[in-house]
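Reviewing the structure listed below.
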Amino acid sequence: MIKAGFLRRSLTLIVALGMVVLSATSCARKPARVQWKLAEGKTYLYRSEITGSWRIEGWEMGERGREFGNLLEYEMIVESIDTNSVMKIKEIIHLIRENVEYEPTVITYNMTPAGKITEVVDIAEGTAPRTLPASTRREHYMEETQPAYPEHPLSAGEYWAQETKIVMEDRVITVTNKFRVRGWEKVGDYNCLLITYDGEMLIPYESKGRDLLDQGTAKGSIWFAPAEGLLVQQVDTFYMATARIVPEGKEPPATYIVESVRIHQLVEIH
């Protein structure tokens with residue numbers, strides 16, 4: 001027969017544990033400010049697996065075109081943090097392929113706690129073939145695809161839009177990226193806010209004496225850990241069509257189309 005004292009203690013323990021679980025769940029569901037909290041002198045290692053296909057309009061290349069796959073490692077080294085919490089970051093990007101060693105691409109940039117990137121500078125282009133945007137378009141690419149998080153706590157269901165002005169010779173075009181907070185999800189040891197996005201890309205640049213235009217769409221999911229101030233995981237789907245900019249009335253050349261999926265994950269902090 002179970003003693004009354006033991007039963008009371010057991011019920012008390014169960015209720016206490018239940019309150020702890022409810023409290024933890026409640027805390028996890030509270031609105032949270034999303035901002036980067038990187039530490040000076042630390043290195044944050046991310047790994048990206050990119051798969052996809054490319055084709056050229058008008059060419060006979062089969063239904064799926066030519067398939068490709070790349071594995072990239074990004075070392076984000078926090079060189080300094082100023083009095084406004086703006087982080088100066090050196091990023092070393094390695095292409096990983098069996099039996100082939102390439103010189104890494106190295107860039108530096110400033111990033112605010114909200115994630116806004118400015119002053120992108122290339123230190124070295126590296127030798128990896130066709131895996132990263134050329135230096136002349138990298139800053140545009142980062143500005144349009146990197147979210148700048150709002151300066152207030154975010155709740156599930158919240159929505160915001162991010163606009164970027166693209167200045168071309170004859171006009172200014174606004175591209176829009178739309179973000180929505182879906183809720184909380186656990187990724188490894190991190191409690192993350194899941195944020196989905198759907199956006200446009202329009203990147204004019206020059207390459208080998210030609211004026212080119214990247215035009216496409218991007219959509220994906222971002223898992224960000226507010227307590228640690230870290231991007232933990234991101235999954236993106238890209239569609240990009242690159243065409244030469246030609247005078248009005250002239251027949252444009254064939255368009256180069258790339259469709260890809262990127263899985264980007266935090267691997268290590270040291």
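The values are calculated or read from the model by the stated rules, or taken from the named source; none is laboratory data. Because the structure is a prediction, the values reported are computed rather than measured. Quick reminder, even Gly has a Cβ in these numbers, built from the backbone with ideal geometry, and neighbours come from all protein chains shown.
Structure values in brief
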item	result
Residue in region 128-135 that is at positive phi and polar (S, T, N, Q) present	no
Any hit, region 19-32, residues being out of contact with any Gly (no Cβ under 9 Å at 6 or more places or on another chain), part of a loop (DSSP other than H, G, I, E, B) and modelled with pLDDT of 90 or more	yes
Cross-chain or 6+ apart pairs with Cβ under 8 Å, region 108-133 first and crowded, with 16+ Cβ neighbours inside 10 Å and at pLDDT 80 or above, then assigned to a strand (DSSP E or B) and acidic (D, E)	Y109/E91; Y109/E119; N110/E119
Per-region count, region 174-194, residues exposed (fewer than 13 other Cβ atoms within 10 Å of the Cβ) and closer than 29 Å to P204 by Cβ	2
Residue among T145, T118, T164 that alone is among the hydroxyl-bearing types (S, T, Y) and in contact with a helix residue (DSSP H, G or I) (Cβ under 7 Å, 6 or more places away or on another chain)	T164
Index of the failed condition, V78 passing every other in (1) of a type in the set (A, V, I, L, M); (2) over 23 Å from F238 (Cβ atoms); (3) surrounded by fewer than 16 Cβ atoms within 10 Å (Cβ to Cβ)	(3)
Candidate set: region 85-128, residues that are acidic (D, E) and in a strand (DSSP E or B); chosen: the one farthest from L230 (Cα to Cα)	D122
Condition met for R210 (touching a strand residue (DSSP E or B) at 6+ places or on another chain (Cβ under 8 Å) and without any contact (Cβ under 8 Å) to a residue 60 or more places away in the chain)	yes
Tally, over region 145-161, of residues that are surrounded by 12 or more Cβ atoms within 10 Å (Cβ to Cβ), within 17 Å of R33 (Cβ to Cβ) and not hydroxyl-bearing (S, T, Y)	8
Exclusive hit being small (G, A, S) and within 24 Å of Y109 (Cα to Cα), set A243, A156, A225	A225
